[in-house]
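Take a look at the structure set out below.
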Amino acid sequence: MPAILEARDLTKQFDLGATQVEALRGVSLEVQAGEFLALMGPSGSGKSTLLQLLAGLDRPTSGSVVFEGRDISRLSDDEATKLRRERTGFVFQAFNLIPLLSVIENIGLPFTIAGLDAGRGELRERIRDVISLVELTGKERHRPDQLSQGEQQRVAVARALVTKPSVLFADEPTGNLDYTTGGEILEALWLTAEASAQTIVLVTHDARAAAYADRVLVIGDGRITDEITLGRRQDHSAAPLIARLAQIGL
Ligand SMILES: Nc1ncnc2c1ncn2[C@@H]1O[C@H](COP(=O)(O)OP(=O)(O)OP(=O)(O)O)[C@@H](O)[C@H]1O
Ligand SMILES: [Mg+2]
């Protein structure tokens, strides 16, 4: 089966006046449809840069990204916006919810922005389904300040999923959360991978989060240094991943 997402020899340099930062130094990877992939590495290793390129939100210095058979590495801003609205979903470390809107309105925002009526018919059903998936049924009318941190992040996950993205990208989605609350988010992501074969690319520096993935790519200094295949498991204990990381000296 062809990959749903493919990176070919990506490099990214940032110009900072007199100096340059080599954030990515030649990254190639493939993501299969339905796969849950984690990109793991220390701070500054290039994870967020890579995720932005994979999602078509930024352009590489060289190399290409092929998403659903189409080269997305040099999109115009308008094309990138269209891709983000229609084909991809994004969850960030900060929840980025609109404070004055309820749970249901925040989740319906992608439709409202597109000029659609999120309160009726199929769209309303879809909003209800994702609310149920992230276990927020009963809290539809709450505003973000009336929710716990974990509930707020689950709203952000639901909002990213409601458009039925072909790939869900998440950049440190548990980074601002305590251990238990972070676990809720990881369970919600895993459930979408398992129940609806959602393709997920998760960036994390945390082995516990990466242990939910089917496969882990380790990134160091702008390169993929190791690949660890865990396979789909019901048990998300980080112990096997930590043992493999120890074997390769991480
Ligand atoms: N817009 C930018 N301008 C200049 N340098 C940048 C920019 N974005 C990232 N960098 C640099 O590129 C390198 C990789 O950054 P990146 O944000 O991808 O790392 P990361 O692995 O996501 O780190 P973290 O875990 O801290 O989020 C770093 O040296 C960073 O300082
Ligand atoms: Mg980052």
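Using R0 = 45 Å, the C-beta based FRET efficiency linking residue 148 and residue 25 works out to 0.65. Summarise the accessible area of the chain (1.4 Å probe, protein heavy atoms) by the percent that is carbon and sulfur. Ligands and nucleic acids excluded, carbon and sulfur reach 49 percent.
For the stretch 94-164, the solvent-accessible area works out to 53 Å² per residue, with a probe of 1.4 Å and every protein chain left in place. When the helices of the chain are scored as -39500 (n - 2.57) per DSSP H run of n ≥ 4 and the total is divided over every residue, the value at 222 nm lands at -10500 deg cm²/dmol. The spacing between the stretch 145-197 and the stretch 3-79, judged by their C-alpha centroids, is 22 Å. Using a Gaussian network model of the chain in which every pair of alpha carbons under 10 angstrom is joined by a spring, one finds that among 161, 100, 177 the greatest mean-square fluctuation is at 100. Note on the chain: GNM, Cα springs under 10 Å; of 153, 20, 93, the largest mean-square fluctuation is that of 20. Applying a DSSP loop filter and a limit of 14 other Cβ atoms within 10 Å to the trypsin sites (Lys or Arg not before Pro) in the stretch 25-112 leaves 74. Between the helical axis of 149-161 and the longest alpha-carbon principal axis of the chain there is an angle of about 80 degrees.
The values are calculated or read from the model by the stated rules, or taken from the named source; none is laboratory data. Values in this document were obtained by computation on a predicted structure and should not be read as measured data. Because the Cβ atoms are built from the backbone with ideal geometry, glycine has one as well, and the counts that use them run over all protein chains shown. Note: areas computed on protein heavy atoms with side chains; ligands, DNA, RNA excluded. Shrake-Rupley method; radii C 1.70, N 1.55, O 1.52, S 1.80 Å.
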